[in-house]
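Just so it is clear, none of the values below were taken in a lab; they were calculated from the coordinates. Small disclaimer: the values here were computed from a predicted structure and weren't measured. Heads up, the Cβs are rebuilt from the backbone with ideal geometry, glycines too, and the neighbour counts pull from every protein chain shown.
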């Protein structure tokens, strides 16, 4: 068992609240990713679970036992650090064995576990080397190995891949996911990279300014963000937002505050928005829901000015403005389309994929 | 292409020339002492430029060990210096760690206080130290001189250790604490071995402070049985005449442990042991 529960957890530094009333229930064997921008409190939350930071208020439970006053060594957790934190004066073998030695395991058991972990992670050939003789990827594997040899209840990862290059990061991402399936242990993973979060987590916890914004599966968060922050944070390139009003003329429609375009609201959801007719709202649409050709009956044409095109291989990112407005927006279209920079271009907004947010609170409507 | 190559060569020659000149300036006094210690008569000055003088003799060296209580001074100096070194290293290692890692009331004041003590010359501290040792009944004792030397060496040692600990990533300790160490185990199993270059510097500094110090020792150690090497050496200097041969021979022998320590510990002085532990 390795469930983790956070109840009204706060972390304060003097008057500065960095973790604000966090409530979380992480199930046994679950892979939960804490994601958010720098300074959102995700690492502090993880460190409080690890016991490396005191909890200002609230309770953390591991397997239904409160661990607020339990030192890190007695929490039965393992942690992989962003900067690997390998012991430089010890060989890879000694690094892996250190935790087991401290727990007074027998020599045979230590050897068996280290061998097992080194085979799983493909570091068997490097056991005698010192960390400085390893590449970044190898060091990260050793750091993972040091965690798995102990067979803890909970694994904690603090941005473990952020020091690796792009290719290695993708490779290690897959490896950690594979490892999770193989060893079936609870994993809590902190990252600021929303792609990592989306691709690895069973559930994602989006944090902002110390507050949990949304906890759900990656797809639910992507499709139904609870507020403008989550909508903007998850997805790359980021969601486009337009300020405007919901107006009822012949039918209900969104009219941009710049007056350069309007989009009809689908009849299925009109009732939902009737109470807020004439209210100021923010409309959100993801770049992938704006296309260069009509995709379905929900596609609505909008004439835009192409500012920059960014080919990224299989597709092109188009940065555009609408009318005389200066705000830039982005969409992604197939690479066979060649819109000219500085020219007008017709794009199609999928109105079935629109998101609406309260202009003041940012909450999803 | 060729002119830049020539420039490089000229620059190299000039660099070496400067280095050679400075080496000669540094080594000349030592060579003079060697010459003096080998002269058959107790002469300080000579018109000869020979390093090994005519009729060179080891008489002074022999006399040092047979006619003088030189071995007693060596024993006293070694005992005091080693104790000061061990005390200095142990205390500085732990207090430097506390200053580096923990936040506590008086941390800033404490660090500043340690720094301020370094601003006073040793001679200024003589009287208060002497008075304090009298009150404590520690005048003319090993303990008195050990406490004095440790106290004067510690501020520098603590700052050195603190500065070095600051460069060791805190995540190493955190990893150790998660791996099963308590705070103290994380310190001595992980952090202390990594701080060995700083420990070596601290140790050397403490040792040298005690090994070659004269002024404080002259006030505290009045009993000839407790004399350290610098006090012993000074005794070769009398009102009417000075035994320069013995002085020179003893000076060279006193130098040997310090030089040997530097050579033995030089590999530990090379920093960078933390390479590879963290990103990069």
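Taken over the alpha carbons of region B:79-230 as equal point scatterers, the Debye sum produces base-10 log I(q)/I(0) values at 0.09, 0.13, 0.18 Å⁻¹ of -0.34, -0.65, -1.03. Against the main long axis of the alpha-carbon atoms of chain B, helix B:122-136 sits at an angle near 80°. Peptide A:72-80 shows a mean partner chain C-beta count of 4 within 10 Å per residue C-beta. Overall dimensions of region B:132-200, expressed as equivalent-ellipsoid semi-axes from the Cα gyration tensor (√(5λ), whole Å, largest first), are 35, 14, 9.
The helix-based estimate of mean residue ellipticity at 222 nm for chain B, built from -39,500 (n - 2.57) per DSSP H run of four or more residues and divided by its residue count, is -23500 deg cm²/dmol to the nearest 500.
Among B:129, B:172, sorting on how many other beta-carbon atoms sit within 10 Å of each Cβ, with the fewest leading, yields B:129, B:172.
Projecting label points 7 angstrom from Cα along Cα→Cβ for residue A:65 and residue A:224 puts them 3.8 nm apart. Computed from the Kirkwood radius of its Cα pairs, the Stokes-Einstein diffusion coefficient for region A:1-57 at 4 °C and 1.567 mPa s stands at 109 µm²/s. With N counted as the residues of region B:2-57, its alpha-carbon radius of gyration over 2.2 N^0.38 Å works out to 1.80.
Once you have all Cα-Cα distances for region A:168-253, histogram them in 5 Å bins from zero and send the whole-percent values. Final binned percentages: 3, 11, 21, 19, 15, 12, 7, 4, 3, 3, 2, 0. Based on Cα atoms of region B:2-106, Rg over Rh with Rh as the Kirkwood radius reads 1.26. When chain A is treated as a GNM with alpha-carbon contacts under 10 Å, the residue of A:292, A:344, A:166 showing the greatest mean-square fluctuation is A:166. Taken over region B:68-118, the percentage of Cα pairs per 5 Å bin, counting from 0 up to the bin with the maximum distance, is 4, 17, 16, 18, 12, 10, 8, 7, 5, 3, 1.
The ranking of B:28, A:329 from fewest to most other beta carbons within 10 Å of each one's beta carbon is B:28, A:329.
Sorting the Cα pairs of chain B by distance into bins of 10 Å, from 0 upward, gives 6, 20, 25, 23, 16, 8, 2, 0 percent per bin. The length gained by stretching the chain between residue A:317 and residue A:248 to full extension, at 0.36 nm per residue less their Cα-Cα distance, is 21.5 nm. Taking a ≥ b ≥ c as the square roots of the Cα gyration tensor eigenvalues, with a/c under 1.5 meaning rounded and otherwise prolate when a/b beats b/c, else oblate, which class fits region B:144-246? In terms of gyration-tensor shape, prolate.
Between 0 and 90 degrees, the angle of helix B:2-38 with respect to the longest Cα principal axis of chain B falls at about 60 degrees. By the Cα gyration tensor, region B:167-223 has an equivalent ellipsoid whose semi-axes, rounded to whole angstrom, run 38, 12, 7 from largest to smallest. Neighbouring Cβ atoms from other chains, within 10 Å of the Cβ of residues in A:87-98, number 4 on average. Counting beta carbons within 10 Å around each of B:268, B:244 and listing the fewest first gives the order B:268, B:244.
Label-to-label distance for residue A:268 and residue A:13 is 4.7 nm, based on points extended 7 Å past Cα in the beta-carbon direction. Taking Cα atoms only, the orientation of helix A:107-121 departs from the longest principal axis of chain A by about 30 degrees.
For region A:37-177, the convex hull drawn through the C-alpha positions has a volume of 128 cubic angstrom per residue. Rg then Dmax, both in Å and based on the Cα atoms of chain A: 24.5, 80. Which of B:35, B:15, B:242 ends up with the largest GNM mean-square fluctuation for chain B, with Cα atoms connected below 10 Å? Residue with maximal mean-square fluctuation among B:35, B:15, B:242: B:15. Among A:192, A:89, A:355, which one shows the highest mean-square fluctuation when chain A is modelled as a Gaussian network with alpha-carbon springs under 10 Å? In this elastic network of chain A, the residue with the biggest mean-square fluctuation among A:192, A:89, A:355 is A:89. Taking the DSSP beta bridges with both ends in chain A, the antiparallel portion is around 75 percent.
What is region A:197-328 by shape, rounded, prolate or oblate, if you read a ≥ b ≥ c off the alpha carbon gyration tensor as root eigenvalues and call it rounded for a/c under 1.5, prolate for a/b larger than b/c, and oblate otherwise?
Verdict is oblate for region A:197-328.
Remark on region B:76-147: ratio of C-alpha radius of gyration to 2.2 N^0.38 Å is 1.33. For the protein assembly as shown, with equal point scatterers placed on the C-alpha atoms only and solvent neglected, what are the log10 I(q)/I(0) values from the Debye formula at q = 0.06, 0.10, 0.11 1/Å, to two decimals? For the requested q values the scattering log ratios are -0.57, -1.03, -1.13.
Ranked from highest to lowest mean number of other Cβ atoms within 10 Å per residue, what is the order of the peptides B:209-216, A:119-126?
Put in order of decreasing packing, that is B:209-216, A:119-126.
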